[in-house]
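What follows is one structure encoded as structure tokens, with my remarks underneath.
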Amino acid sequence: MKTFTARAHGRVNLIGEHTDYNGGWVLPTTIPQFTEVTLTIEDSRSSADSSVTLTTSKERKGQYRLGHEQKTGTWIDYLQGATKLLRDSGLELGAFSAKIHSTVPEGSGLSSSAALEISFLKALREAFNLPLEDVELARIGQRIENEFVGARVGIMDQMACSLATAGEALFLDTQSLTYESITIPRMHCDLLVINSGLAHQNSGGDYNTRRAECEAACKELRIHSLRELSEKDLPQLDQLPETLKRRARHVLTENARVFRTVQALKEHDLSTVGRLFKESHASMRDDYAVSIPEIDQLVEITAKQKGVFGARLTGGGFGGSIVALTEKNLAQSISEDVCKAYREKTGHSATVLVAR
Ligand code: GLA
């Protein structure tokens, strides 16, 4: 019997939302919460045995046969999608059982699914000696979502879960997949991540609708991708119908905000980072329409606290989490006040995931 263990952390996106499937730029970093997969291969199993047995620390169980992967609409699809794509590309896998343990809350906008895909792919890579680099694992993770699960996500989450390191943000060009590590100036600030308690889902219709709207905008503008335009091209958007104009305007301005945030982080100019967070949230709420009233409240309550540079919705939206930047050593006390005020205003319980 041989066992192989691999881990992938969840991610929080600092800025650059809904830009990845438009060929744009993003700035995610890891969170302490992670998913860990332990694969066991029994020596006694014959080479014809193709069974996969799954168990999770949340008492969920699953089973399927390699070569017989079938969409179920549940968490097992992320794993079935992985083995199907690997085998379809000609790589050999044998029977195994997998134990999954995760501390990334599902539906929190912090990439619980990418962390599951990447930790599983990393464990399979080790167990079956697969010749796959970390970037290739991210590409496969995205294909699992696009081709098997039915969520037309970009590649940010999988790249972050596969490559990002703690304390650094991954400044990623999602078209070329080139990236630079940007140090978060932790001697001057804390990062705060709060889960609103209202779950979101990327495979739900709204996410795919936003993507389709961006494609429609490109078609009208006769370009391949919104990446081709920058802020100086904003007047060009006037020819679009109002909704498409707003969606495209978010993407163009958000890309610019990613570059400005990177510059401000390098200069330790946290007030500017905070202002960019605020602008990003307004753009997601008003132009891209991916926020919900409870998240707006959570952002507003957080941004109002003394010592907060800025706060915004993070991830795909329609629920999920917010990210904020605070003065050093204040995140913990601020988060307690925020959760209390949020509960009073909305009746929902928020959870603090990162306060450091
Ligand atoms: C989800 C998707 C990502 C990205 C974000 C929004 O997390 O998985 O690809 O599009 O939403 O920035």
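The values are calculated or read from the model by the stated rules, or taken from the named source; none is laboratory data. Everything quoted here is computed from the prediction, not taken from an experiment. A quick note on method: Cβ atoms are made from the backbone with ideal geometry, for glycine too, and the neighbour counts reach across all protein chains shown.
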Query raised in the report: Do you know which of the residues in the stretch 121-169 that are in contact (Cβ under 8 Å) with a residue 12 or more places away in the chain and among the acidic types (Asp, Glu) is nearest to the ligand (Cβ to nearest atom)?
Result: Asp157
**Report entry** Long-range neighbours under 7 Å by Cβ, at least six apart or interchain, first residue over 21 Å from Cys161 (Cβ atoms) within the stretch 181-209, second modelled with pLDDT under 90
**Finding:** Asp190/Ala355; Asp190/Arg356
Query raised in the report: Could you say whether any residue in the stretch 284-294 is within 16 Å of the ligand (Cβ to nearest atom), hydroxyl-bearing (Ser, Thr, Tyr) and in contact with a Lys or Arg (Cβ under 9 Å, 6 or more places away or on another chain)?
Result: yes
Requested in this report: Being within 19 Å of the chain's Cα centre (by Cα) and more than 23 Å from Asp190 (Cβ to Cβ) narrows it down to one of Ala256, Ala248, Ala289, so name that one.
Outcome: Ala289
Query raised in the report: Before we move on, is Gly81 within 16 Å of the ligand (Cβ to nearest atom), of a type in the set (Gly, Ala, Ser), modelled with pLDDT of 95 or more and in a strand (DSSP E or B)?
Result: no
